[in-house]
């Protein structure tokens, strides 16, 4: 059995909406450009991904500088979702990514690296 990004969502019967680099998603998309330590990048989400007010948890493998997660938060709200928080497998605490995220939402990480 091959695990995919959506396997955990399927297991608990909740929705899964991918955020991807440009050109990877079908249909109309909404995008956001964001700063990296060494330049800029762009992320996109399908424009009709959420019904207005859908509650959304941003889940990613790693929280480092916070740029990607902050861009995801912006995409969620732009696409009509209600951001509820962030969950990460690992966090590189010394890079301060948590401080770049909206402070009114909880941030959980399973593993903290100092």
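Among 74, 37, sorting on how many other beta-carbon atoms sit within 10 Å of each Cβ, with the fewest leading, yields 37, 74. In summary, region 7-113 shows an alpha-carbon radius of gyration equal to 1.05 times the 2.2 N^0.38 Å reference for compact globular proteins. Per-residue ellipticity at 222 nm computed for the chain from its helices equals -4000 deg cm²/dmol, with DSSP H segments shorter than 4 residues left out and the rest contributing -39,500 (n - 2.57). Here r is the Cβ-Cβ distance between residue 10 and residue 104 and R0 is 30 Å; the resulting FRET efficiency, rounded to 0.05, is 0.55.
Taking a point 7 Å from the Cα of residue 93 along the Cα-to-Cβ direction, the residues of region 100-114 with backbone N closer than 16 Å to it are 107-114. When you restrict to C-alpha pairs under 8 Å that are six or more residues apart and normalise by the size of region 7-113, the relative contact order lands at 23 percent. Here r is the Cβ-Cβ distance between residue 52 and residue 84 and R0 is 22 Å; the resulting FRET efficiency, rounded to 0.05, is 0.90.
A short reminder: the numbers here are calculations on the coordinates, not readings from a lab. Quick caveat, the model's predicted, so the values are computed rather than measured. As a convention, Cβ positions derive from the backbone with ideal geometry for all residues, glycine included, and neighbour counts pool all protein chains shown.
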